[in-house]
Amino acid sequence: MLDRQAAKNASPHATAELCRFVADLQFADIPPRVVQFTKGLLIDWLGSALAGKGAPQVEAIERFARAMGPQDGPSTIVTSRRRTSPYFAAMVNAAASHVVEQDDVHNGSVFHPATVIFPAVLAVAEAEGKSGREILTAAIAGYETGIRVGEFLGRSHYEVFHTTGTAGTLAAAAAVGKLLGLDAVTLNHALGSAGTQAAGLWEFLRDAADSKQLHTAKAASDGLLAAYLARDGFKGASRILEGKQGLAAGMSRDADPTRLTDGLGTRWATEETSFKWHAACRHTHPAADALQLLMQRENLRADDITEVTAHVHQAAIDVLGPVTDPKTVHQAKFSMGTVLGLIAVHGVADLDAFERHALTDPKVAAFRGKVRMVRDAEVDALYPRRWIGKLAATSTLGRSLTARIDEPKGDPANTLSAAEIEAKAIRLAAFRGAAPAEEIGALIAEFWKLDNLSNARDIFR
């Protein structure tokens, strides 16, 4: 349901205005710092995609692609180096880059942009022979669109819907539409077709189901589908976002149409994106950082702590609360107790820690039982613009201890350096042997110089 005051202040046709911005966007319009930041996001995405190699969910989706798609084609599946059509490459790569929970996130929209945008853009760029500058421009168009759609849909949307699956479908459509050179009217048709396909529900968390990877796979491929259909004259709803029977009407109670056009061309939402440091759901990161700070400051071990209270925003309780006894490694990444247990016992919550200890270490399980979450009014009021880490603990000596993190590691005000981005990508690529250090190093160097690339067909050759 649209907020009445917000609707009054909105553009008479916010979706059309957003499409005009995407259609008119040129590489020269984008500040160099945003271009450079986007290259870092791409490198970060590549590491996450390669880390998805061998994951059962990804293997299943690739088997589907092999059965239903062409046996060869112009676009690369990065985990297997098989080539197929853009549609199926986007599908598999999007699933692969979301499975280890290391892909980027935008706080205000609670949206993971890279995992749906880069798979679609790179797959189409390879097929169409696009330049590096065109890739970067299209990706930024996707980020600017998807972030604003996520913000428009609001907090109520996220209670039930996985925003990366919903807003992500429109982000992928905008990015591919830009890459294909669609005009504003045709882009509007693409967003209409993307929006009517947008989906993704949180219920999978209760069953340790694999739906999260299906959300990203479908968002990337359905967005690509919508853009190609629009290019061929297929019409989509012009007010798919703010219309009487559009996304907001069906998926939100607090939608704000003004967010769709907020600062277009002056506010670069792309550079507000956060890198993920811990290999877990983003809602666990502020508390994980706060626990690390507390343990280092007080020189504590896991056995020195009798109970932990994570003061969190309501969405953290909504998403993490259903996971009380994780049965899979992926489900453990949505367990606050498991994440804090890994931090307390092993000092890190990285991919190796999850694989080796999340489900089998009795000390981690014991610590999990010490952890509870409570809604904190201050933290909840600041969310989603800011994700604050507040934590209280009691020691075995009866001491009451607290810690607070205002800028979790990876947030824009505490972002990763270029060296940290590279090291993370190399580490992720090595996780399941998807790429040797020499190969990932060469790709990293190529991506830092992407604006000099003349033809995307050369990227993975």
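I want to check a number: in the stretch 322-435, how many lysine pairs have alpha carbons closer than 23 Å, given a sequence separation of 8 or more or different chains?
So the count of such lysine pairs works out to 10.
Return the distance in nm (one decimal) between the two label points of a simple spin-label model at GLN36 and LEU359, each offset 7 Å from Cα along Cα→Cβ.
Result: 4.3 nm between the two label points.
Separation between the ASP24 and THR266 pseudo-spin-labels, each 7 Å from Cα along Cα→Cβ, expressed in nm?
Each label point lies 7 Å from its Cα, and together they span 1.4 nm.
Over the stretch 344-461, what is the mean sequence separation of C-alpha contacts under 8 Å (at least six apart), divided by residue count, expressed as relative contact order in percent? Spell out each step's value before the answer.
Values: 67 pairs, mean separation 14.1, N = 118.
Over the stretch 344-461, the number comes to 12 percent.
For Cα pairs less than 8 Å apart in space and 6+ apart in sequence, what is the mean separation divided by the residue count of the chain, i.e. the relative contact order in percent?
Averaging sequence separation for qualifying contacts and normalising by length gives 21 percent for the chain.
On the protein heavy atoms, probe 1.4 angstrom, tell me the percent of accessible surface of the chain carried by carbon and sulfur.
Ligands and nucleic acids excluded, carbon and sulfur reach 51 percent.
Give me the accessible area per residue for the chain, probe 1.4 Å, as a whole number in Å².
Per residue, the chain has an accessible area of 37 Å².
Highest mean first, how do 166-177, 24-35, 404-415 rank when packing is the count of other Cβ atoms within 10 Å averaged over residues?
Ranked by mean Cβ neighbours within 10 Å, highest first: 166-177, 404-415, 24-35.
What does the C-alpha gyration tensor say about the overall shape of the stretch 32-162? Classify as rounded when a/c is under 1.5, otherwise prolate if a/b is larger than b/c, or oblate. Write down the numbers at each step before the final one.
Details: a/c = 1.87, a/b = 1.29, b/c = 1.45.
Judged from the Cα gyration tensor, the stretch 32-162 comes out oblate (a/c at least 1.5, b/c at or above a/b).
From the phi of every residue in the stretch 197-206, what ³J(HN,Hα) in whole Hz does the Karplus formula 6.51 cos²θ - 1.76 cosθ + 1.60 yield, where θ is phi - 60° and glycine or proline is x?
Karplus-based 3J(HN,Hα) across the stretch 197-206 equals 9, 4, 7, x, 10, 6, 4, 4, 4, 6 Hz.
What is the distance in Å between the Cα centroid of the stretch 20-81 and that of the stretch 107-167?
11
Give the shape of the stretch 396-436 as rounded, prolate or oblate, defined through the alpha-carbon gyration tensor: a ≥ b ≥ c are the square roots of its eigenvalues, a/c under 1.5 means rounded, and otherwise the shape is prolate if a/b is larger than b/c and oblate if not. Intermediate values should be presented prior to the final figure.
On the way: a/c = 5.40, a/b = 1.89, b/c = 2.85.
It is oblate, given that a/c is not under 1.5 and a/b is not larger than b/c.
Once R0 is set to 22 Å, what does the formula 1/(1 + (r/R0)^6) return for the Cβ-Cβ distance between VAL160 and ARG63, expressed as a FRET efficiency to the nearest 0.05?
The pair VAL160/ARG63 has a calculated efficiency of 0.15.
Using label points projected 7 Å from each Cα along Cα→Cβ, tell me how many nm separate ALA423 and ARG301, to one decimal.
The two pseudo-label positions are separated by 2.7 nm.
Specify which labelled value, from [x] -0.33, -1.05, -1.24; [y] -0.38, -1.10, -1.28; [z] -0.32, -0.96, -1.13, agrees with log10 I(q)/I(0) by the Debye sum over Cα atoms at q = 0.07, 0.12, 0.13 Å⁻¹ derived from the coordinates of the model shown.
It is the one labelled [z].
Of the listed peptides 387-400, 295-308, what is their order by residue-averaged count of other C-beta atoms within 10 Å, with the highest listed first?
Taking the mean over residues of other Cβ atoms within 10 Å, the ranking is 387-400, 295-308.
For ILE305, which sequence-distant residues (separation of 5 or more, or a different chain) have an amide H within less than 5 Å of its own amide H, given hydrogens modelled in the peptide plane?
Those qualifying (amide H under 5 Å, at least 5 residues apart or on another chain) are THR396.
What fraction of the DSSP beta bridges in the chain is antiparallel, stated in percent and rounded to the nearest 5?
75
Straight-line reach from LYS130: which lysines fall under 17 Å, measuring Cα to Cα and dropping same-chain residues less than 8 apart?
Candidates past the 8-residue exclusion: LYS39, LYS178, LYS449.
The values are calculated or read from the model by the stated rules, or taken from the named source; none is laboratory data. Please read these numbers as outputs of a predicted model, since none were measured by experiment. Quick reminder, even Gly has a Cβ in these numbers, built from the backbone with ideal geometry, and neighbours come from all protein chains shown. The area values use the complete protein model at the heavy-atom level, side chains included, leaving out ligands, DNA and RNA. Shrake-Rupley method; radii C 1.70, N 1.55, O 1.52, S 1.80 Å.
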